[in-house]
Amino acid sequence: MSFTYDWSLTSLRKQNNLDLGLENVVIHTLWTVYGTDDNGNTGTCSAATAFDPLTINTSTFISYEDLTQDTVIGWIQNYISSCTGYQSFIDNEIQKNINNQLNVVTEAYSNNFPWITTSSSTVTNYPV
C-alpha cells in the first residue's frame, strides 16, 4: 500500500525545564495524518507523541515562539521512523479507515427485502 500523507497538529503540550534554563519546551503532541491512496481514497490515523524534556539538546533548542508546524511535524516523523513498526501501524490504520468507508455494512429490515413490495423502507448504515 502506498499513500500520500498530509499532517495536521491538533495540540501541543509544553512545560518549563528550569534545570536547563528553558521555557515552553514542547513535551507532547497530538496529531492526525491523512493518507490518500493511488485511487484518491483518504483515511486517517490520529495519535500522540511525547518528548522527554530531559533529553533536549540546548544547542539546537528552538524557542516556542520560533517553532513552525513543519519543524514539529519533522520531530514527530523522526520519532516514528526511529520506532520499528510505527509507520506500518499508521498505514494499517489509514487502510482500515479507507476500507470502512468503502465497505459500508447496510442493514435491510423486513419491509425492505427484495421480495417485499411496499412503498416505504428503512435502511440503516453501520460502519464495519
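Listed residues 26, 72; which is of a type in the set (Val, Ile, Thr) and under 15 Å from the mean Cα position of the chain (by Cα)?
Only one candidate passes the filter, namely 72.
I'd like to check something: does the stretch 89-100 contain any residue that is under 17 Å from residue 14 (Cβ atoms) and surrounded by 12 or more Cβ atoms within 10 Å (Cβ to Cβ)?
no
Using beta carbons and a limit of 8 Å, which pairs, at least six apart or on different chains, have the first residue in the stretch 32-48 and touching a residue at least 60 places away in the same chain (Cβ under 8 Å) and within 12 Å of residue 76 (Cα to Cα) and the second one surrounded by 15 or more Cβ atoms within 10 Å (Cβ to Cβ) and aliphatic (A, V, I, L, M)?
Matching pairs, first to second residue: 33/90; 33/94.
Being surrounded by 14 or more Cβ atoms within 10 Å (Cβ to Cβ) and either under 20 Å from residue 93 (Cβ atoms) or of a type in the set (Asp, Glu) (or both) is the filter here; which residues of the stretch 47-74 pass it?
Listed by number, the residues that qualify are 47, 49, 73.
Looking only at the stretch 3-46, filter to residues that are assigned to a strand (DSSP E or B) and of a type in the set (A, V, I, L, M); which one of those is surrounded by the most Cβ atoms within 10 Å (Cβ to Cβ)?
33
Quickly run through the stretch 88-119 and pick out the residues that are farther than 17 Å from residue 33 by Cβ and among the hydrophobic types (A, V, I, L, M, F, W, C).
Across the stretch 88-119, the qualifying residues are 102, 104, 105, 108, 113, 115, 116.
For a quick check of your reading of the model, give me the residue pairs whose first member lies in the stretch 86-98 and is under 14 Å from residue 41 (Cα atoms) and touching a residue at least 24 places away in the same chain (Cβ under 8 Å), whose second is loosely packed, with under 14 Cβ neighbours inside 10 Å and of a type in the set (A, V, I, L, M), with beta-carbon atoms closer than 9 Å and at least 6 apart or on different chains.
Here the result reads 91/1; 94/1; 95/1; 96/128, each pair linking the stretch 86-98 to a residue that is loosely packed, with under 14 Cβ neighbours inside 10 Å and of a type in the set (A, V, I, L, M).
Every number here is computed from the coordinates shown, using simple stated rules; none is lab data. Nothing here was measured: the structure is a model prediction, and the numbers come from that model. Using ideal geometry, Cβ is built from the backbone for each residue, glycine included, and neighbour counts are taken over all protein chains shown.
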